[in-house]
Structures are given as structure tokens and as C-alpha cells.
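Visitor: Take this structure, written in C-alpha cells, and hold onto it; I'll ask about it next.
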Amino acid sequence: MHYPRHEFPIKEMDFVRAGEASLQVKKILREMKAENDLVRRATIACYEAEINAVVYGRDGVMSLEVDDEGIYIYVEDKGDGIPDIEQAMMEGFSTATEEIREMGFGAGMGLPNIMKNADEFTISSAVGEGTRLKIIFRSGWTTEEA
Amino acid sequence: MIKSNSESGTSLRHVVKILNAEVLTGEEPLDQTVQHVECTDLMSQVLAFIKSGNLLLTGLTNIQVVNTADISGLIGVVFVRGRSPSKEVIAKAKEVGLPLFLTSYSMYEAAGHLYLNGLPGSTE
């Protein structure tokens, strides 16, 4: 079975359109008849990653790939990068500005929540170059309906 | 105090009545049942902890509240203290089928009224 690859641009500090890429992913997964819990987990993880890319990423791209084994989401940005990933993964650690916090984000909960929802999660980052997330979902994924 | 609904939840229509709320998203069936209510201005908290099917009370009115509620599968959002979101936010909610409500009660008062009417929090 062949599945197309999808790419969605993420624009820096665009808080009006933030979330659109994740909602596209949600729509595609629904059309593939993925089960509700899987769609919810995947979309929450995408949205957390998308908000991060909007805030810190200086433009980025979210890509969605699907095969018979799972759903693969990549979020890449060209931001400042993360100097200490271990620290960034700690719940409560945040470098968010007041503006971000006023929107209801920036509590240092995003990356841990991606980890919680994903079946596999890897993050790599280079200071001055950007950050790359790979988020994989396998459990609950069945292609019988697709 | 009406406590008879505590086991089976309360309809959105009843919530509207309790909070003397305005339905911002227009004609909705409002038959869905609210099981639990959450109060927060922190969308990260909604994304991390709140189960689908819950009703959110919040003081924030930006478009990310609608995205967060939609993505988390919430049953609806109540904006407190009479602070209404923009028409773009309301349009977005209509598009995704998320009912929005506006009450003049503060978060504390709105939560209190719902609690007294038998709607529990999610840790109960």
C-alpha cells in the first residue's frame, strides 16, 4: 500500500495560524480511519511540537509519513536550537516569554507531553542550526480500513 | 441543590441555564452530556491532563483555546467574566463544531454554580 507524504509549513510567531498543520494531520488521519485515541494522541503531539516551532523555530516544516507499521511525524525548524536537551525535557523547564505564557503556553510541559503521547520520540538539536523531532505512533494503528 | 445528575452528567443545555450563558456558536443541539469540568488558563494543562469529553472554563479568548479544545476533544468551552472572543475565534469554533459559551460569572463563581448542580471535577 502506498501512502503519500505530506508537508506543512510552520511560520515563526504566527499565532493566528499556529495549529493549522496539526489540524491538517488530524484530518488526514481521520480520513485514513485511524482510531479516535490514536488520532487524539498524534494530534496533541503535533500541536505541542507545532507551538514550539512557532515560538522558537524561525519557520519550520511538519511532515507526515505513514506506512503499514505506523505513523511518522517529523517537525524540523531553523531556530536557535536547544543547548541542553535533557534540561528541556524536564517538566516545568521553559524559556518562554511573557507573551507566550499569556497565550496559555510556555509552562515547560510541551516536550514531556509529546513523549507521553508518542510510542517513540527522538529529538536532536544543534545550537544555531535548529531542532528536529521524530514522533512515531504504532499502537492502535491498523491499515485494514485504510 | 440539584444533585440527581451527578452520576450521569449534565447536558450542555443545562449548563447554559446554570451559568445564564450566551451560546456564541449559534444554534447547537446542546444535547451532549458533560461529565467533568476543568478550569484553567493554561492550555498546556488541557493538552497534558484533560480527558476528552470535558467542559473547559477559561478566561483566555485567543484562537489557540479553540485549537486546544478541538485537538483535546473537549465538549465545549465557557468563557468567564463576560470576556468574549473575537468573531474569528467564534468562526473557527463553528467550523470545527465546538460549542462556545459566554458567562458573566467569574471562573470561581461559574465553577461553584456547576459544582453545586452536581458536576464533579475530574479527580472525583
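What follows draws every value from the coordinates through simple rules; no lab data is involved. Just so it is clear, the model here is predicted, and its values are computed rather than measured. All Cβ positions, even for glycine, are placed from backbone atoms using ideal geometry, and neighbour counts span all protein chains on display.
Visitor: Relative to the longest principal axis of the C-alpha atoms of chain A, give the angle of the C-alpha long axis of helix A:20-31, reported between 0 and 90° and rounded to the nearest 10°.
Guide: Long axis of A:20-31 versus the principal axis of chain A: about 20 degrees.
Visitor: Separate question: Defining a contact as two alpha carbons under 8 Å apart and six or more residues distant in sequence, what relative contact order in percent does chain A show? All intermediate terms of the calculation are to be shown ahead of the outcome.
Guide: Values: 292 pairs, mean separation 40.3, N = 146.
Contact order relative to length: 28 percent.
Visitor: Pull up the DSSP beta bridges for the protein assembly as shown and report the antiparallel fraction as a percent, rounded to 5.
Guide: Working: 30 of 40 bridges.
Antiparallel: roughly 75 percent of the beta bridges in the protein assembly as shown.
Visitor: Related question: Contact order normalised by length for the stretch B:10-116, with contacts defined as Cα pairs under 8 Å and 6 or more residues apart; what percent is it?
Guide: Details: 203 pairs, mean separation 32.4, N = 107.
Value for the stretch B:10-116: 30 percent.
Visitor: Inside 10 Å of the C-beta atoms of B:45-54, what's the mean count of C-beta atoms belonging to other chains?
Guide: Numbers: counts 4, 2, 14, 10, 3, 0, 1, 3, 0, 0.
Partner Cβ neighbours, averaged per residue: 4.
Visitor: Full extension from A:Asp119 to A:Arg17: what is 0.36 nm times the residue separation minus their Cα-Cα distance, to one decimal in nm? Each step should come with its number before you reach the end.
Guide: Working: separation 102, 0.36 × 102 = 36.72 nm, distance 2.73 nm.
Extra length from A:Asp119 to A:Arg17 when fully extended: 34.0 nm.
Visitor: From the Cα trace of the stretch B:27-124, what convex hull volume per residue do you get, rounded to a whole Å³?
Guide: Details: hull volume 9.0 nm³, N = 98.
Measuring per residue, one finds 92 Å³ for the Cα hull of the stretch B:27-124.
Visitor: To test your reading of the geometry: what angle, between 0 and 90 degrees and rounded to tens, separates the Cα axis of helix A:36-56 from the longest principal axis of chain A?
Guide: The helix A:36-56 is inclined about 30 degrees to chain A.
Visitor: Can I ask one more? Springs between alpha-carbon atoms under 10 Å, Gaussian network over chain A: tell me which of A:Lys27, A:Lys78, A:Lys11 tops the mean-square fluctuations.
Guide: Answer for the Gaussian network model of chain A: A:Lys27.
Visitor: Taking θ as phi - 60°, what are the ³J(HN,Hα) couplings along the stretch B:68-73 by the Karplus curve (6.51, -1.76, 1.60), each to the nearest whole Hz, with x for Gly and Pro?
Guide: Whole-Hz 3J(HN,Hα) from phi for the stretch B:68-73: 4, 5, 5, 5, 7, x.
Visitor: Enter the per residue convex hull volume of chain A, computed from alpha-carbon coordinates, in Å³ rounded to the nearest integer.
Guide: On the way: hull volume 14.4 nm³, N = 146.
Taking only Cα atoms, chain A has a hull volume of 98 Å³ per residue.
Visitor: Per the Kirkwood formula on distinct C-alpha pairs, the Rh of the protein assembly as shown is how many angstrom? Show your work: numbers first, answer last.
Guide: Working: mean 1/r = 0.0519 Å⁻¹.
Evaluated on the protein assembly as shown, it is 19.3 Å.
Visitor: Enumerate by residue number the GluC sites (Glu not before Pro) in the stretch B:1-104 meeting two conditions: DSSP loop (anything except H, G, I, E, B), and at most 11 other Cβ atoms within 10 Å of the site's Cβ. Let's see the in-between values first.
Guide: On the way: sites: B:Glu7, B:Glu22, B:Glu27, B:Glu38, B:Glu88, B:Glu95; in loops: B:Glu7, B:Glu27.
Here the GluC sites (Glu not before Pro) that fit, given the DSSP loop and packing criteria, are B:Glu7, B:Glu27.
Visitor: Under 10 Å, Cα contacts only: if you run a Gaussian network model on chain A, which one of A:Val39, A:Val16, A:Val75 comes out with the highest mean-square fluctuation?
Guide: With Cα springs under 10 Å in chain A, the top fluctuation among A:Val39, A:Val16, A:Val75 is at A:Val16.
Visitor: Label-point separation (nm) for A:Glu31 and A:Arg132, each offset 7 Å from Cα along Cα-to-Cβ?
Guide: 2.7
Visitor: Could I ask something else about it? In straight Cα distance, which aspartates and glutamates are under 13 Å from A:Lys11, not counting same-chain residues fewer than 8 positions off?
Guide: Cα-Cα hits under 13 Å: A:Glu20, A:Glu50, A:Asp59, A:Glu76, A:Asp77.
Visitor: Moving on to the next point. Let me know the volume per residue of the alpha-carbon convex hull for the stretch A:19-89, in Å³.
Guide: Details: hull volume 6.8 nm³, N = 71.
Normalising the Cα hull of the stretch A:19-89 by residue number yields 95 Å³.
Visitor: To continue, here is another question. Enumerate by residue number the GluC sites (Glu not before Pro) in the stretch A:1-81 meeting two conditions: DSSP loop (anything except H, G, I, E, B), and at most 11 other Cβ atoms within 10 Å of the site's Cβ.
Guide: Details: sites: A:Glu7, A:Glu12, A:Glu20, A:Glu31, A:Glu35, A:Glu48, A:Glu50, A:Glu65, A:Glu69, A:Glu76; in loops: A:Glu12, A:Glu35, A:Glu69.
Taking the stretch A:1-81 and a limit of 11 other Cβ atoms within 10 Å, the loop GluC sites (Glu not before Pro) found are A:Glu69.
Visitor: Sticking with this one: What is the helix-to-structure angle for B:107-116, meaning the angle in degrees between its Cα long axis and the longest Cα principal axis of chain B, kept from 0 to 90 and rounded to the nearest 10?
Guide: Once rounded, one gets 40 degrees.
Visitor: Additional query: Kindly work out what percent of the DSSP beta bridges joining two residues of the stretch B:10-116 are antiparallel, to the nearest 5. Spell out each step's value before the answer.
Guide: Numbers: 4 of 14 bridges.
The answer is about 30 percent antiparallel.
Visitor: With a cut-off of at most 12 other beta carbons within 10 Å, and DSSP calling the residue loop, which trypsin sites (Lys or Arg not before Pro) in the stretch A:107-146 qualify? Please list them. Intermediate results must be reported in sequence, preceding the final value.
Guide: On the way: sites: A:Lys116, A:Arg132, A:Lys134, A:Arg138; in loops: A:Arg138.
Listed in order of number, the matching sites amount to none.
Visitor: Identify all lysines with a Cα-Cα distance to B:Lys17 below 30 Å; exclude those on the same chain that are fewer than 8 residues away in sequence.
Guide: Within reach: B:Lys3, B:Lys51, B:Lys87, B:Lys92, B:Lys94.
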